[in-house]
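Laboratory data are not the source of any read-out in this text; all were calculated from the coordinates shown. Worth saying up front: this structure is predicted, and the values here are computed from it rather than measured. Counting neighbours? That spans all protein chains shown, and the Cβs are built from the backbone with ideal geometry, glycine included.
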Amino acid sequence: MPMTKCMRRFLVAHLALCLTAFAAAAATLDTITERSSVRIGYIADEAPFSSSKAGANPTGYAIDLCGKIADEIEHQVPQLKREYIETTLASGFDAVKNGEVDLLCGAITVNLKRREIVDFSQPIFLTGATALLRKDSPNYLQTLFLEKPAVRAVSEHVASTRIIGVRANTTTGVTLREALATQVSKTKLADFQTHEEGLAALEDRKIDAYIADQALLASLASRARDPSSLEIGDRLFTHEPYAIGLRRDDADFRLLADRALTAFYLSDDFLPLLEGYFGAEAAPMLHTQIIMEHVPD
């Protein structure tokens, strides 16, 4: 009799575990269906991937791709509403994990540490980190980040402590700190909460360079007080695959997202979208890169 009770308890516990796993797997689409809306989280200062202005919905390349996923959801949830929720890079992953956000859109790098918290769609963009420099930045920075430094007047003043700026809570910042920790260096990192703050510090000569993903720096430099005084490094020292953040343990929802992205990548509308955000010159190469990384249908 005791053995029968133990077996019953084991079976009940096993059944409960299986039901919990099943519920988790179905959670995202079921929740979206119940509320008739998809919650699209975005990071506001990551143009051209995601940005916003007061009184308007966010815009950007990643926002548009999240919209393609929402279109796919709408096939199963008629009259689907789209709720845009602004978040930060620091809190966005927990927002996905806790069910506050269904899709996290922006310049979001996939890495193993983040995958402990959330899952990701297939890649939506490929880039790498480099530096935004003033044209009179010290020679050591121009040599480090530029393939062929031009002959120009530069500041040869070397401060006792060199300062490089980086956005807080980014994979780039983690990589830089790990690199600096392995060597004796007078270079220090300064964290900024937004890219705009980092740009201002560079222009005001409070830092020697600002480090971020090359695709973000191109947009950031265009918003400088004097864009002609800046240049973007052409040497990349990290590999940054971007993707859309999704809840973990929901293979069906990830499959839905990847199907929507694949269908769009293979459509005639994808290349014009890339041209609109990244220019006609860069778009064909980006198109090829992303197509090579996509999940075959």
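Test of understanding: ordering Asp208, Asp102 by Cβ neighbours within 10 Å, fewest first, what list do you get? Display every interim value, and only then the final one.
On the way: Asp208 23, Asp102 31.
Going from least to most buried by this count: Asp208, Asp102.
Do you know the relative contact order of the stretch 202-297, to the nearest whole percent, from alpha carbon pairs under 8 angstrom that are 6+ apart? Present the calculation step by step, with values, prior to reporting the outcome.
Numbers: 36 pairs, mean separation 17.8, N = 96.
Value for the stretch 202-297: 19 percent.
For the chain, which longest stretch is free of loop sites, where a loop site is one of the GluC sites (Glu not before Pro) that DSSP puts outside H, G, I, E and B and that has at most 11 other Cβ atoms within 10 Å? Show your work: numbers first, answer last.
Working: sites that count: Glu116, Glu147, Glu156, Glu281.
Between exposed loop sites, the widest span is 157-280.
Using helices alone, I'd like the mean residue ellipticity at 222 nm for the chain: each DSSP H run of four-plus residues gives -39500 (n - 2.57), total over residue count, nearest 500.
Values: 11 runs with 132 residues, N = 297.
Computed ellipticity for the chain at 222 nm equals -14000 deg cm²/dmol.
Out of (i) 49; (ii) 33; (iii) 23, which label holds the value of percent of Cα pairs over 33 Å apart that was computed here?
Step by step, percent of Cα pairs over 33 Å apart for this structure corresponds to label (ii).
Compute the relative contact order of the chain as a whole-number percentage, counting only Cα pairs closer than 8 Å that sit 6 or more residues apart in sequence. It would help to have the intermediate numbers written out before the result.
On the way: 488 pairs, mean separation 75.4, N = 297.
Relative contact order here is 25 percent.
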